[in-house]
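Rule-based calculations on the coordinates, nothing more; no lab input. Small disclaimer: the values here were computed from a predicted structure and weren't measured. We place every Cβ from the backbone using ideal geometry, glycine too, and count neighbours over all the protein chains shown.
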Amino acid sequence: MDHTFLSAFILLLLVLDPLGSLPIFISILRNVPPERKRRVAVREVTLAFIVLAVFMVAGDAFLGLMHLSERSLEVAGGVILLMIAIRMIFSSGESIYAADVEREPFIFPLAVPLMAGPSAMATVLLLASRQPDRMTEWFAALFCAMLVSGVVLLAADRLHRLLGDSVVSALEKLMGLVLTAIAIEMMLAGLKRYFIGDL
């Protein structure tokens, strides 16, 4: 399944799921002083972007080191995305990362694993390994998706008050449905390439 800039951007945005993570953002940043929230949000988004960019650049080397094929990565990435999608559809809004944090978050849990989690890492690895000649587009798509996530993180309290719990939950479930279809397509593409080859 070849991607365009727009489809890669949408896929990364669905995987990052900034709207669905609104309650988690609010919970984690609850004890951060208001004057520090903006700086913390920008720092965590930047760290998450760096982590995912490193995975994108080192994708081919990682696959070669681990003796993994693109087909296995595509199927594994689809399985991970499917699990994330199912969580998005059936979750009750609680998360292991939503616990009250007494200290200011640094890398964990905002940057990693909430934003730069296993599903996002698998997605950028897959994009880079399938079409390495379009790396500039993938970097741009990742940057734009992280930018949207950063804006949502900065405006988390305001958006949550504006939209309300029911709208946020409905949006998360809608994104989960779309992500389910993408995950199934990824798995089918990987299996087709394994059994039939590139057609």
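Remarks
- Placing a label point 7 Å from the Cα of residue 36 along the Cα-to-Cβ direction, the residues of region 105-140 with a backbone N closer than 19 Å are 105-112.
- Protection proxy ranking for 61-67, 120-126, 28-34, 170-176, using the average of other Cβ atoms within 10 Å per residue and placing the highest first: 120-126, 170-176, 28-34, 61-67.
- Among the chymotrypsin sites (Phe, Trp or Tyr not before Pro) in region 2-59, none sits in a DSSP loop with a Cβ that has at most 13 other Cβ atoms within 10 Å.
- Stokes-Einstein translational diffusion, the chain - Kirkwood Rh over all Cα pairs, 1.306 mPa s, 10 °C, in µm²/s: 92 µm²/s
- Using θ = phi - 60° and Karplus 6.51 cos²θ - 1.76 cosθ + 1.60, couplings along region 115-125 (whole Hz; Gly, Pro as x): 8, 9, x, x, 5, 5, 4, 5, 5, 5, 4
- Estimated purely from DSSP H runs of n ≥ 4, each contributing -39500 (n - 2.57), the mean residue ellipticity at 222 nm for the chain is -24500 deg cm²/dmol once divided by its residues.
- The charge dipole of the chain, taken about its Cα centre with unit charges on the Cβ of Lys, Arg, Asp and Glu (plus for the first two, minus for the last two), comes to roughly 320 debye.
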